[in-house]
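Since the structure comes first, as structure tokens, the remarks are kept for the end.
The values are calculated or read from the model by the stated rules, or taken from the named source; none is laboratory data. Please read all numbers here as calculations on a predicted model, not as lab measurements. We place every Cβ from the backbone using ideal geometry, glycine too, and count neighbours over all the protein chains shown.
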Amino acid sequence: MKIKVQTKSGEFEYDCEQDEILLYAGLRHGLTLPYECATGTCGTCRARVVEGEARLEWADAPGMSYVKQEKNEILMCRATALGNCTLRVPAKVSEGINHDVLPGYRNGEIGNVRLLTPDVMCFDLSLDQPVTFDAGQFVVLEAADVTGGRAYSMVNYRRDTETLKFVVKRKPDGKFSNWLFDRDVKGKHVDVYGPLGKATFHPDDGKNVFCLAGGSGIAGIMSIIARGCEEAYFRDHKGYVFFGVPTVRDAFFLDELSGFVDAVPNNLEVTVALSDEDVPADLEKRFPRIKFGAGFVHVVASERMAGKYDNMIAYVAGPPAMVDGALTMLVLEARLPGTDIRYDKFT
């Protein structure tokens, strides 16, 4: 079927399969349709159906609170078309998606499952066909037993890979995270759509790198730092990573972060901030390559980054409150332009 989209930059048309999500079909054809979470949470992909009919696949999606259903508005990420359809999208759209990393559909098998903390899990996903993605991107995972998809950033970085690595924090009301934690998921299959996301790292940016993450938000940051180290980016550029967790008990990836610093000790700094306790006396002895601080991670970063924001690009990931605090700090204190601050809104 044919889908037309009327946008602020003109009209476009793309093919859509029966029962295919409208947003996903447009993105895989290379259109820069607006989205952030791509899972029905944020409301960014709001559109109005002006011709034809669309069906909501998840009528109770949190992002539905942002649409006016009485005006025939939908979330493109949670809707399918019942036939040829025309949508009005209140955004500028182009055909400029990088064709090397066009999103598509895959199936993955879960393996190498392990707990990093009592409520943080890490696992690998073996894909039925390889994927190329940019460092910092994410995919949407869907399980047959759970309504709706969930967005997770890749921890690893590799072009044309058949394995993706993820870290997931259990949330009290998180149906997908509970599905992962409450059963033996080794060998379980999930549907995968991606890669997605605009908070990406590219060595040709040629700028120093600032990364601030809270909890499982460190996933995409690990991918960014992995690519930077792999391509010797930090030989000529500074890198500053701030990772926030409540207590030492909640910290993970400290060995991996130490390894990154060990590879480029002169230009890469990693600071772990503990928001709910003082830094234990022996922690720096256990991880001499890492710096530690007490307080909210964006506050610790503000104190330690004063005067260091020259020629900088920033990446932020984590809980909404932390992201908001970090963005305020980066705009008001660091005075970075919006084009040099990158983040994807998952929740």
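At-a-glance table
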quantity	calculated
Flag if Y309 is assigned to a loop (DSSP other than H, G, I, E, B) and touching a residue at least 24 places away in the same chain (Cβ under 8 Å)	yes
Test: residue in segment 276-290 that is modelled with pLDDT of 95 or more, surrounded by 18 or more Cβ atoms within 10 Å (Cβ to Cβ), in the same structural domain as A213 (by TED's automatic domain parsing) and outside any loop (DSSP other than H, G, I, E, B)	no
Criterion violated by R227 - all others in (1) assigned to a helix (DSSP H, G or I); (2) of a type in the set (K, R); (3) more than 21 Å from the chain's Cα centre (by Cα) satisfied	(3)
Every pair of residues 6+ apart whose Cβ atoms lie under 6 Å, when the first sits in segment 244-258 and is assigned by TED's automatic domain parsing to the domain that holds L268 and in contact (Cβ under 8 Å) with a residue 24 or more places away in the chain while the second is of a type in the set (K, R) and surrounded by 17 or more Cβ atoms within 10 Å (Cβ to Cβ)	S258/R289
Meets criteria (under 30 Å from L33 (Cβ atoms) and in contact (Cβ under 8 Å) with a residue 24 or more places away in the chain) for D205	yes
Segment 129-162 - residue that is small (G, A, S) and part of a strand (DSSP E or B) and, of those, modelled with the lowest pLDDT	A151
When residues of segment 175-202 are limited to those that are more than 21 Å from P130 (Cα to Cα) and under 17 Å from the mean Cα position of the chain (by Cα), the one surrounded by the fewest Cβ atoms within 10 Å (Cβ to Cβ)	S177
Filter pass, D310 being farther than 19 Å from G217 by Cβ and either among the β-branched types (V, I, T) or surrounded by fewer than 21 Cβ atoms within 10 Å (Cβ to Cβ) (or both)	yes
Qualifying residue in segment 59-66 (condition: more than 14 Å from A79 (Cα to Cα), polar (S, T, N, Q) and exposed (fewer than 15 other Cβ atoms within 10 Å of the Cβ))	yes
Selected residue [farther than 24 Å from M1 by Cβ and basic (K, R)] from R78, R88, R114, R106	R114
Some residue of segment 233-251 being of a type in the set (V, I, T), more than 21 Å from K165 (Cα to Cα) and in a helix (DSSP H, G or I)	yes
Residue match in segment 94-116 (condition: in a strand (DSSP E or B), among the hydroxyl-bearing types (S, T, Y), under 25 Å from H189 (Cα atoms) and in contact (Cβ under 8 Å) with a residue 24 or more places away in the chain)	yes
Residue ID - surrounded by the fewest Cβ atoms within 10 Å (Cβ to Cβ), chosen from residues in segment 1-51 that are farther than 20 Å from P195 by Cβ and touching a Ser or Thr at 6+ places or on another chain (Cβ under 6 Å)	D19
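Residue-wise test of (1) charged (D, E, K, R); (2) assigned by TED's automatic domain parsing to the domain that holds K171.
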position	(1), (2)
A79	no, no
E109	yes, yes
D128	yes, yes
A143	no, yes
